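Chemist: This structure is in structure tokens; I'll ask about it shortly.
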Amino acid sequence: MHVNSTEPSQQRLSRTNCRKILAYSLILENISEIFTARKDTPVLKGGALCIAAGPDGKISFAGKTSDFLKAEPDFRSKYAEAIFDAGNRAVYPGLVDSHTHLVFAATREDEFAMKSRGATYEEIAAAGGGIINSTRKTKSAPLEEIVRQASKRLEQLISYGVTTVEIKSGYGLDTESELKLLTAIKELKKLYPIEIVPTFLGAHAYPPEFKNDHEGYISLINNEMLPEIKSRGLAEFADVFCEEGYFSLKETEKLMTAAKDMGFRLKLHADEFNPLGGTELAAEMGAASVDHLEAVSEAGMKKLAENGVVAGVLPITSLFSRLPFAPAAKMRDLGVTVALATDMNPGSCMCGFLPLAASIGATQLRLSIEEAVAGITINGAKSLKRDDRKGSVEPGKDADLVVMDAETVSYPVYHFAHNHCKNVFAKGRLIHSN
Ligand code: NIG
Ligand code: FE
């Protein structure tokens, strides 16, 4: 509940009183294990655990119920209405999908058929498919239709336990259509009680009308789109697809410099097919994350480590698009924070099932189970600059929690490709049950 500073003092006072009476908005008890995502104790085990959240929706306690009882001996009778029985199940922090493109108007089954016959991403794009195909359909769709389709995808994500999601524009590629997509994201924010982080990706591809006028499109982004988006507060991050056939290193630099100067936080799609130097550039410019990295160079990895930039690894895209996996374990060994996200989009990864990214992390990427779960929780939150509030279970953080239908925190990673999410809480409130 957003407390507005301009509200009448009477109302403010009554809310303050309320807070005193309702000391807890949630007491989640009978927990078997907790993935806290804390560096010191990432997993709490041994059963009889509980998590309590205050009326502000923030965690005030996470640990043994016997310890909570010392402070609140009568909690079961005193706060009966706040109690939720986890049924001896494991609890995760709300999942964080730190890279999605889920706002688009139409799916691309025809291209998928080409892909299944062996066509590559580049071949599909050359045949008129790819980002430009989605852009054509997205441009002509009304806002309501875009919101309707995206809502369906977002509800699926919530049913997997996602409580924080980054969503990119990038299928509009003109001022009006990009604004429409960012407005759709804003609408989603009003409709769903989860954290939605909007990213502007006008530099996703050159639209056909600017195919031979790159300067013209970059100028449109830098001089028209970015200022308009900034003045309307429609995006927090700006992103660029730095790749051969998309935006060159020089073009990426111009775009990121303008965005940074206007106060946007930076993200970058880089090294998906070719290492062009975008990772090094973004790291030096202080980007929050560089994502993809299937073809990252040694120099790129070192720059990420040196500059404390998160690597956004997208293992389901590798699977879906027959790409090599990004060297996640190697980056981890170099001291890079590795986030795992879906990249949910109609072309290279038509899949929003984030827990699968953790399972692939633990099997194919050689991450430990804890690192894999950290990838879809705390490290995702870091890549969105939300780790002060999201991604771990500890006092002071938002009580975004997922009860998994499993007794151990390892089980949902181990039992591959099955949705174990049973109950989802956002800021201490139950928002979904399966
Ligand atoms: O992250 N790599 C660039 N963009 C998307 C794919 C978008 C599409 O094919 O529609 C990605 O994989
Ligand atoms: Fe992407």
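Chemist: Can we say Ala299 is surrounded by fewer than 23 Cβ atoms within 10 Å (Cβ to Cβ) and assigned by TED's automatic domain parsing to the domain that holds Arg366?
Modeler: Values: surrounded by fewer than 23 Cβ atoms within 10 Å (Cβ to Cβ): yes; assigned by TED's automatic domain parsing to the domain that holds Arg366: yes.
Yes; evaluated as a whole, the condition is true for this residue.
Let's see how each residue does on (1) part of a strand (DSSP E or B); (2) at pLDDT 95 or above; (3) within 27 Å of Ala82 (Cα to Cα):
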| site | (1), (2), (3) |
| --- | --- |
| Arg389 | no, yes, yes |
| Val393 | no, yes, yes |
| Ala406 | no, yes, yes |
| Val413 | no, yes, no |
| Ile431 | yes, yes, yes |
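Chemist: Right, next: Any residue in region 88-101 that is away from ligand 2 (no atom under 12 Å from the Cβ) sitting within a Cβ distance under 8 Å of a residue that is aromatic (Phe, Trp, Tyr)? List the pairs, counting only those 6 or more apart or interchain.
Modeler: Ala90/Phe35; Ala90/Tyr411; Val91/Phe35; Tyr92/Phe35; Pro93/Phe35; Gly94/Phe425; Leu95/Tyr160
Chemist: Name the residues in region 166-214 that are touching a helix residue (DSSP H, G or I) at 6+ places or on another chain (Cβ under 6 Å) and part of a strand (DSSP E or B), would you?
Modeler: The answer is Ile167, Ile196, Pro198, Phe200, Gly202, Ala203.
Chemist: Right, something else. Can you name the condition, by its number, that Met350 falls short on among (1) within 16 Å of Leu157 (Cα to Cα); (2) buried (at least 24 other Cβ atoms within 10 Å of the Cβ)?
Modeler: Checking Met350 against (1) within 16 Å of Leu157 (Cα to Cα); (2) buried (at least 24 other Cβ atoms within 10 Å of the Cβ), the one that fails is (2).
Chemist: Scan region 416-428 and tell me whether some residue there is under 30 Å from Leu323 (Cβ atoms), of a type in the set (Gly, Ala, Ser) and in contact (Cβ under 8 Å) with a residue 12 or more places away in the chain. Can you show your working first?
Modeler: First, pick out the residues of region 416-428 that are under 30 Å from Leu323 (Cβ atoms): 416-421.
From the residues that got through so far, the ones that are of a type in the set (Gly, Ala, Ser) too are 417.
Those left that are additionally in contact (Cβ under 8 Å) with a residue 12 or more places away in the chain: 417.
For region 416-428, residues under 30 Å from Leu323 (Cβ atoms), of a type in the set (Gly, Ala, Ser) and in contact (Cβ under 8 Å) with a residue 12 or more places away in the chain: present.
Chemist: If we keep just the residues of region 340-368 that are away from ligand 2 (no atom under 16 Å from the Cβ) and free of Cβ contacts under 8 Å to residues at least 40 places away in the same chain, which is farthest from Asp405 (Cα to Cα)?
Modeler: Among them, the one singled out is Arg366.
Chemist: Would you check if there is a residue in region 247-267 being over 12 Å from Ile218 (Cα atoms) and surrounded by 24 or more Cβ atoms within 10 Å (Cβ to Cβ)? Walk me through it before giving the result.
Modeler: Of the residues in region 247-267, the ones over 12 Å from Ile218 (Cα atoms) are 249, 260-267.
Filter once more, so that each one left must be surrounded by 24 or more Cβ atoms within 10 Å (Cβ to Cβ): 267.
Checking region 247-267: at least one residue is over 12 Å from Ile218 (Cα atoms) and surrounded by 24 or more Cβ atoms within 10 Å (Cβ to Cβ).
Chemist: Going residue by residue through region 164-173, is there one that turns out to be more than 13 Å from ligand 1 (Cβ to nearest atom) and at pLDDT 95 or above? So that I can check it myself, show each step before the final result.
Modeler: Our first condition is that a residue be more than 13 Å from ligand 1 (Cβ to nearest atom); within region 164-173, this holds for 164-165.
Then keep just the ones that are at pLDDT 95 or above; that gives 164-165.
Yes - at least one qualifying residue is present in region 164-173.
Chemist: Could you tell me which of the residues Ile185, Ile218 is among the β-branched types (Val, Ile, Thr) and more than 16 Å from ligand 2 (Cβ to nearest atom)?
Modeler: Ile218
Chemist: Looking only at residues in region 204-246 that are surrounded by fewer than 12 Cβ atoms within 10 Å (Cβ to Cβ) and over 23 Å from Gly128 (Cβ atoms), which one is nearest to ligand 1 (Cβ to nearest atom)?
Modeler: Of everything passing the filter in region 204-246, Glu215 is nearest to ligand 1 (Cβ to nearest atom).
Chemist: I would also like to ask the following. Is one or more of the residues making up region 132-143 in contact (Cβ under 8 Å) with a residue 40 or more places away in the chain, small (Gly, Ala, Ser) and away from ligand 1 (no atom under 16 Å from the Cβ)?
Modeler: Looking for residues that are in contact (Cβ under 8 Å) with a residue 40 or more places away in the chain, small (Gly, Ala, Ser) and away from ligand 1 (no atom under 16 Å from the Cβ), one finds none in region 132-143, hence no.
Chemist: In region 165-203, which residues are surrounded by fewer than 17 Cβ atoms within 10 Å (Cβ to Cβ) and either touching an Asp or Glu at 6+ places or on another chain (Cβ under 6 Å) or more than 30 Å from Lys382 (Cβ to Cβ) (or both)?
Modeler: Thr175, Glu176
Chemist: May I pose another question? Only residues in region 156-180 that are more than 16 Å from ligand 2 (Cβ to nearest atom) count as the first member; pair them with residues that are of a type in the set (D, E, K, R) and assigned to a helix (DSSP H, G or I), Cβ under 8 angstrom, at least 6 apart or cross-chain, and list the lot.
Modeler: Note: pairs meeting the criteria are Asp174/Lys139; Thr175/Glu224; Thr175/Glu228; Ser177/Lys139; Leu179/Glu228; Leu179/Arg232.
Chemist: Does region 247-259 include one or more residues that are in the same structural domain as Glu176 (by TED's automatic domain parsing) and under 18 Å from Val197 (Cα atoms)? Even if it seems obvious, please write down each step before you answer.
Modeler: Taking region 247-259 and keeping what is in the same structural domain as Glu176 (by TED's automatic domain parsing), we get 247-259.
When the remaining residues are screened for being under 18 Å from Val197 (Cα atoms), the result is 259.
Yes, some residue in region 247-259 is in the same structural domain as Glu176 (by TED's automatic domain parsing) and under 18 Å from Val197 (Cα atoms).
Chemist: Can you tell me how many residues within region 69-105 are touching an Asp or Glu at 6+ places or on another chain (Cβ under 8 Å) and closer than 15 Å to Val402 by Cβ?
Modeler: So the first thing to find is which residues in region 69-105 are touching an Asp or Glu at 6+ places or on another chain (Cβ under 8 Å), and the list is 78-79, 83-86, 88-91, 93-94, 97-101, 105.
Now narrow it down to the ones that are closer than 15 Å to Val402 by Cβ: 84, 86, 89-91, 93-94, 97.
Of the residues in that region, 8 qualify.
The values are calculated or read from the model by the stated rules, or taken from the named source; none is laboratory data. None of the values given here were measured: they were computed from a predicted structure. Positions of Cβ are backbone-derived with ideal geometry, glycine not excepted, and every protein chain shown enters the neighbour counts.
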